[in-house]
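The values are calculated or read from the model by the stated rules, or taken from the named source; none is laboratory data. This one's a predicted model, so the numbers in the text were calculated from it and none came from an experiment. In this analysis, Cβ positions are derived from the backbone assuming ideal geometry, glycine residues included, and neighbour counts consider all displayed protein chains.
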């Protein structure tokens, strides 16, 4: 399972996410995520107006934690 599918699953079971600052509905956009010099592109919810990204808790504590551990083990 990829981080992208984790984000899509999280969004499918939640209410529509909106930007706190702008009030706009979030849309999926690719974001560069970096850790220890490695950069990954992952689709995450993003405000189309201000560009603020939202990382669902399930992604941060699940898939991203797995990637972090895998990189540290190398």
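Checked against the criterion of being exposed (fewer than 12 other Cβ atoms within 10 Å of the Cβ), modelled with pLDDT of 70 or more, part of a loop (DSSP other than H, G, I, E, B) and in contact with a strand residue (DSSP E or B) (Cβ under 9 Å, 6 or more places away or on another chain), region 47-54 contains one or more residues that satisfy it. Among the residues of region 18-46, those identified as more than 27 Å from residue 69 (Cβ to Cβ) and either modelled with pLDDT under 85 or out of contact with any strand residue (DSSP E or B) (no Cβ under 7 Å at 6 or more places or on another chain) (or both) are 19, 20, 21, 22, 23. Exactly one residue out of 42, 59 is in a strand (DSSP E or B) and surrounded by 16 or more Cβ atoms within 10 Å (Cβ to Cβ): that is 42.
If you go through region 22-34 and keep only what is outside any loop (DSSP other than H, G, I, E, B) and under 14 Å from the mean Cα position of the chain (by Cα), you end up with 27, 28, 29, 30, 31, 32, 33, 34.
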